[in-house]
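Single-structure report; data block below.
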Amino acid sequence: MWTWFYKLASPPYVFGVAAALMPWLFGAAALAIGYGLVAGLGIAPPDYQQGEAFRMIYVHVPSAILSVTVYTIMATASAVALIWRIKVGHAVAAASAPIGASFTLLTLVTGSLWGRPMWGTYWAWDPRLTSELILLFLYVGVMSLRSAFEDPARGDRAAALLAVVGVVNVPIVHFSVVWWNSLHQGATIVTLEGPKMPGSMLWPLLSMWLGFMLFYGAVLCIRVRGEVLNRERQSAWVREAIKS
Amino acid sequence: MSDFWSMGGYARYVWPCFGFSGIVLAWNVWAARRLLNAARLKAARALAMTASEAR
């Protein structure tokens, strides 16, 4: 039952699986994002209140979902690495941090661009915006802490600890629009009554979300291979892989 | 066609939004490939050093 878990803890296995998965994930991501862009920009009707400006949803929402999803994956990988002393966990966490940080920045920038015509301002100290900014600071903190130690193992442990502690911000980002008065709109897709969008607007959004997730998987595969190589370069299997 | 590019008067917000997204996606691929290539180079150097020490 636990065979798959032990396999995932093996650096050579992860190195090989990442290489095999990467092109498929990139291909699937290109298809999903391609359909989402064409349907989102060209087929979906304009919103009855926001007009054409609503089309920013097709990059803002997928990047926002990705920003918290990647953090959760990074924190889980860090916890696994800390609890079971699995080095691949640190590699996954280190590989995820810059990807998550870039998509958090994208969320903040696209949100600002959307906020200006809708709210009349690029920025407000709103609970959703502020908690998303804190998420960016957490990513930067995790990356800085990892590189702040001369001993990479100590850097890995310190960064993992911060990643695990910082996961408390993830539910705050998600529920900030429920817990506090917010300029930001509430949930649109996942609600008890079902999505608040018609299918012609929803399907491109779901496709973009899937495409961004697949893109994260593809980039993670490349980065994990790099992180594993950096950590294992004295190992016999790396020597064999480099020779061949 | 010009209606499409003008985005109902919101072009100055919509297109930078998609443009920045393209930049972030491209940066992710470029930076990840750079990391992997650097790691391969370091591993190859480590292998070469080990081989020269063995001689």
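The values are calculated or read from the model by the stated rules, or taken from the named source; none is laboratory data. Quantities reported herein were computed from a predicted structural model and do not represent experimental measurements. When we count neighbours, we look across all protein chains shown, and the Cβ atoms used for this are built from the backbone with ideal geometry, even at glycine. The area values use the complete protein model at the heavy-atom level, side chains included, leaving out ligands, DNA and RNA. Shrake-Rupley method; radii C 1.70, N 1.55, O 1.52, S 1.80 Å.
Points worth noting:
- Among the residues of region A:88-115, those that are in contact with a helix residue (DSSP H, G or I) (Cβ under 6 Å, 6 or more places away or on another chain) and either away from chain B (no Cβ under 14 Å) or without any contact (Cβ under 8 Å) to a residue 24 or more places away in the chain (or both) comprise A:VAL88, A:GLY89, A:HIS90, A:ALA93, A:SER102, A:VAL109.
- Total residues in region A:32-56 satisfying the condition of being more than 10 Å from every other protein chain (Cβ to nearest Cβ) and either under 30 Å from A:HIS90 (Cβ atoms) or of a type in the set (A, V, I, L, M, F, W, C) (or both): the figure is 5.
- In the set B:SER21, B:SER6, only one residue is surrounded by 12 or more Cβ atoms within 10 Å (Cβ to Cβ) and at pLDDT 90 or above; that residue is B:SER21.
- Residues in region A:154-190 that are in a helix (DSSP H, G or I) and under 24 Å from A:PRO117 (Cβ atoms): A:VAL173, A:SER176, A:VAL177.
- Residues located in region A:141-156, provided they are open to solvent by 70 Å² or more (accessible area, probe 1.4 Å) and closer than 13 Å to A:MET74 by Cα: none
- Selection count where residues are open to solvent by 10 Å² or more (accessible area, probe 1.4 Å) and either of a type outside the set (Phe, Trp, Tyr) or more than 10 Å from chain B (Cβ to nearest Cβ) (or both), scope region A:209-221: 7
- Selected residue (only one of A:ALA20, A:ALA77, A:ALA64, A:ALA29 is within 14 Å of chain B (Cβ to nearest Cβ), modelled with pLDDT of 95 or more and open to solvent by 10 Å² or more (accessible area, probe 1.4 Å)): A:ALA64
- A:SER235 falls short of the stated requirement of being surrounded by 15 or more Cβ atoms within 10 Å (Cβ to Cβ) and under 19 Å from the mean Cα position of the chain (by Cα).
- From the options A:LEU113, A:LEU161, A:LEU105, residue that is in contact with a Phe, Trp or Tyr (Cβ under 6 Å, 6 or more places away or on another chain), open to solvent by 20 Å² or more (accessible area, probe 1.4 Å) and at pLDDT 95 or above: A:LEU113
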